[in-house]
Amino acid sequence: MGATADPHRPPAVLVESPMFERPMSHGSDTPAGVEAPGQIEKKAGRGAKIARVPEGADWNAVEEVMLRRRSIRQYKREQVPAHLIRRMLEVGRYAPSQGNCQPWKFVVVRDADMIQGMEDFCVESCTKLSRGLDYASYRRGSVKHLVTRAKAKLFNRLSPNMLHPVPVAAITAIAQGRFAVFHRAPTVILLLMDTRGIGTPEIDIGICGTNIVLAAQSLGLGTCWIGFSKFLNKSREWCARLGVEKPYEISEAITVGYPVGDPQNLIARDTHEIAWFEGGKREIFY
Amino acid sequence: MAVLSRAERRHFPDWDDPTQCLFHRVAVDEALCDGCKLCVVVCPANVLELYGEKGERKARVKESFRGCASCNNCRAICESGAIAATRAYDFVGYYRQLGRGEFSMPRKF
């Protein structure tokens, strides 16, 4: 049989940009996991070609998606089609995890009144926290300010990650109605974590969510990570309603929707120290 | 110096002291700003506002210093390229930023 007669065989010249122009190899009747023979000849084995990317080349499609992703907090009202959410979760399923333990489970909420209920609960939690700890919302010199500040300084020492000035400002903004938790997104995906996961399951949740978020960006959707969703773990009522049971807990949430405007400009970001060991030397780059 | 001193490790900055919490550094080019308000709408920290006469409104940072996380969503959505966060936030003491270089656009290598 000639090469062109095989329907599963990819066209011959497709090697320049192997990252994403590579065709999906198997058709409907190829057994899952088996690559079409044409591809094996061309790419695998000892003679497989190395993709050479020249210096200074443009970003490829995957890099573009990563560079243009922003945390979107203003959504259009229009609901996201269900098949796109399924598509995002599908790539989430393929995230790497420690020991391939896959410590995730997904809860998708698409009913506006339910999302509003979750919002109300988290806002209430933020309000309590803000009143109890954020001395910046009280007048300097007042007794309230003094007492709260003393308390906050102690908690700050005990829990320096949670009481970083940025989330504290956010908690107060939420309490005052200037900021939201789920940003009125039409869809909320809760990432549940199996607390028995290997090593540090939080990291695996992060990687899984990153797959989801980048897939969303590539589909023209906006997303935002919602750490304050963890407040829901404290509510028996919400855990029951959402089906969050031990050994699972809500680790993160991702809001999904169509972004307002077109937030696609590239932006500047911090550069970070890179220590580079090569040729017996250590160099520092940024 | 990319290490925290002992004293710094013990000092938690005052959330309400602008000299200890160095939040916003957002620059607006008024010549380019057309007052479309998109940045004000998307700013997660709610630190931007419009000011000026009707028809000639421009964006600016509110007086309140608290909140801006240099996320640059304002830059991402601005069609005329008039606004941008120009530096990361920083704090004194425990939360001082370490090992950071200059702000930079994505570079090609």
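Selection of the range A:245-259 for residues being more than 16 Å from A:K76 (Cα to Cα), touching a residue at least 24 places away in the same chain (Cβ under 8 Å) and surrounded by fewer than 19 Cβ atoms within 10 Å (Cβ to Cβ) yields A:K246, A:P247, A:E249.
Note on the range A:235-286: residues that are more than 14 Å from every other protein chain (Cβ to nearest Cβ) and of a type in the set (G, A, S) total 7.
Kindly list the number of the only condition in (1) touching a Pro at 6+ places or on another chain (Cβ under 9 Å); (2) of a type in the set (D, E, K, R); (3) without any contact (Cβ under 8 Å) to a residue 24 or more places away in the chain that fails for B:E63. Among (1) touching a Pro at 6+ places or on another chain (Cβ under 9 Å); (2) of a type in the set (D, E, K, R); (3) without any contact (Cβ under 8 Å) to a residue 24 or more places away in the chain, the lone unmet condition for B:E63 is (1).
Determine if the range B:69-90 includes at least one residue that is more than 19 Å from A:V166 (Cα to Cα), more than 11 Å from every other protein chain (Cβ to nearest Cβ) and surrounded by fewer than 21 Cβ atoms within 10 Å (Cβ to Cβ). No. When residues in the range B:1-43 are screened for being within 9 Å of chain A (Cβ to nearest Cβ), among the aliphatic types (A, V, I, L, M) and part of a loop (DSSP other than H, G, I, E, B), 1 of them pass.
Note on the range A:203-222: residues that are crowded, with 17+ Cβ neighbours inside 10 Å and more than 8 Å from the chain's Cα centre (by Cα) amount to 8.
Of the set (1) assigned by TED's automatic domain parsing to the domain that holds A:T195; (2) without any contact (Cβ under 8 Å) to a residue 40 or more places away in the chain; (3) not in a helix (DSSP H, G or I), all apply to A:D262 but (1). Go through the range A:111-132 and give me each residue that's among the β-branched types (V, I, T) and within 23 Å of the chain's Cα centre (by Cα). Scanning the range A:111-132 gives A:I115, A:V123. Restricting the range B:91-109 to residues that are part of a helix (DSSP H, G or I) and facing chain A (nearest Cβ under 7 Å) leaves a set whose member that is surrounded by the most Cβ atoms within 10 Å (Cβ to Cβ) is B:Y95.
The values are calculated or read from the model by the stated rules, or taken from the named source; none is laboratory data. Worth saying up front: this structure is predicted, and the values here are computed from it rather than measured. Using ideal geometry, Cβ is built from the backbone for each residue, glycine included, and neighbour counts are taken over all protein chains shown.
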